[in-house]
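Okay, structure first, notes after.
What follows draws every value from the coordinates through simple rules; no lab data is involved. If you're wondering where the values come from, they're calculated on a predicted model, not measured in any experiment. Ideal geometry is used to build each Cβ from the backbone, glycine not excepted, and the neighbour counts take in all protein chains shown.
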Amino acid sequence: MIKHFHVIECDSTQDLVKEQLQQETESRILVSCENQTAGRGRGQNKWQALPGTICFSMNIAPHKVMSYTALELSVIIAMFFESKGRTIKLKWPNDLWDVQERKCGGILVQGSQNHLIAGLGLNLYSEDDQYGGIFSEPFDIDKKNWARELADYIHQNRFQETSALRREWLKRCGHLNQMVRVTEGEKVVEGIFQGLGDHGEAEICRDTRITRIFNGSLRLSSQA
């Protein structure tokens, strides 16, 4: 049973989940909001909430290979929207693209107090040309119900086997076998994205050699 807390406004739904877990250590917690003012992305990035955005966080069990957890969530979210007739592409390591390869969502998984907390931001639609949207037109959004439906779907559709998860992720990858550039700090690696390693790392091929990258910001080379 999920304990669902929905608030009008907050800095970060992840912070509210952490607060609840101090009291509810054995519970499944879900926190959603109407407006998030200081959402976090990977690294030092911020997640900007737009009118068509839903933001929520939840504590989850890790995938059997812990470093695959965010990748697993991205596949399950894509499956959820496929059931509604929408297509989402996946971008390593934790972003979602719409059909025009514009970012429409992101996932941040963090450890806290012996728990994993997943923060999710999804643009159901976007009126900002810089960002994508899962649906093409604005519509009235019940953010509380969307968050609960997604959280239930995630809990009900976890992957047991990493090999199956990897296959499903690669089927939806928006840059498989394409030239990409991955930046991590001062390090830049450019080559063909060939797949995922045993720990969810990116496998980049350059001059027949495979470089494995465990973290970084990926762009298509044509967009870099």
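For the range 62-115, the Cα-based Rg and Dmax, in that order, read 12.2, 39 Å. Estimated from helical segments only, the mean residue ellipticity of the chain at 222 nm is -6500 deg cm²/dmol, where each DSSP H run of four or more residues counts as -39500 (n - 2.57). Residues whose amide H falls under 5 Å from that of ARG28, counting only those 5 or more places apart or on a different chain, are LYS3, with hydrogens built in the peptide plane. Lys-Lys pairs in the chain that are eight or more residues apart or on separate chains and whose Cα atoms lie under 12 Å of each other come to 4. Length, then width, then depth: along the principal axes, the Cα atoms of the chain run 52, 39, 35 Å. Each of TYR68, TYR153 was scored by other Cβ atoms within 10 Å of its Cβ. Listed from fewest to most, they are TYR153, TYR68. Extension gain for GLN160 to ASN35 (0.36 nm times residue separation, less C-alpha to C-alpha distance): 41.6 nm. Under the shape rule built on the C-alpha gyration tensor, where the axes satisfy a ≥ b ≥ c, the range 103-153 is oblate, since a/c reaches at least 1.5 while a/b does not exceed b/c. Quick check on the range 132-175: take the gyration tensor over C-alpha atoms, sort the square-rooted eigenvalues as a ≥ b ≥ c, and tell me if it's rounded (a/c under 1.5), prolate or oblate. Oblate.
Relative contact order of the chain, taken over Cα pairs closer than 8 Å and 6 or more residues apart, is 17 percent. Could you pull out every whole DSSP H run in the chain that spans at least 18 Å of Cα extent along its own axis and averages 1.0 or higher on the Kyte-Doolittle scale? Once both thresholds are applied, what remains is 69-82. For the range 179-220, a/c is not less than 1.5, where a ≥ b ≥ c are the root eigenvalues of the C-alpha gyration tensor, and a/b does not top b/c. That puts it in the oblate class.
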